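One structure is given below, encoded as structure tokens.
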Amino acid sequence: MPIVVNLDVMLAKRKMSLSQLSEQVDVTLANLSILKTNKARAVRFSTLEAICRALDCQPGDILEYLPEECHEEK
């Protein structure tokens, strides 16, 4: 999938754990884990908004587009 979720990068930059983020955005740890490991097939704008608010970032800091050929090389 050419959309990559860099949630782990933002969490590290903010020195925040996934558990802390889960509490702040009221999203289950399991759902955030799915998002963090790039296994999510969709994300609600309301969830993305809450994550951005908690991490003080922009959606582009979390989501990245990589063309298929770049993604296959990783």
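The values are calculated or read from the model by the stated rules, or taken from the named source; none is laboratory data. On a predicted model such as this, the values are computed, not experimentally measured, just so you know. Quick reminder, even Gly has a Cβ in these numbers, built from the backbone with ideal geometry, and neighbours come from all protein chains shown.
Just a few scattered comments:
- Of Pro59, Pro67, Pro2, all but one fail to be loosely packed, with under 13 Cβ neighbours inside 10 Å and touching a strand residue (DSSP E or B) at 6+ places or on another chain (Cβ under 7 Å); the exception is Pro2.
- Residues that are surrounded by 11 or more Cβ atoms within 10 Å (Cβ to Cβ) and of a type in the set (Gly, Ala, Ser) within the stretch 31-47 comprise Ser33, Ala40, listed in sequence order.
- Meeting the requirement of 3 or more residues that are more than 13 Å from Asp8 (Cβ to Cβ), the helices (runs of 4 or more DSSP H) wholly within the stretch 25-66 are 29-36, 45-55.
- Looking across the stretch 30-74, just one residue is on the phi > 0 side of the Ramachandran plot and modelled with pLDDT of 95 or more, and that is Asp56.
- Any hit, the stretch 3-16, residues being modelled with pLDDT under 95 and either touching a His at 6+ places or on another chain (Cβ under 8 Å) or of a type in the set (Ser, Thr, Tyr) (or both): yes
- Per-region count, the stretch 14-30, residues surrounded by 12 or more Cβ atoms within 10 Å (Cβ to Cβ) and in contact (Cβ under 8 Å) with a residue 12 or more places away in the chain: 7
- Qualifying positions in the stretch 1-24 - over 14 Å from Asp61 (Cβ atoms), among the charged types (D, E, K, R) and in a helix (DSSP H, G or I): Glu23
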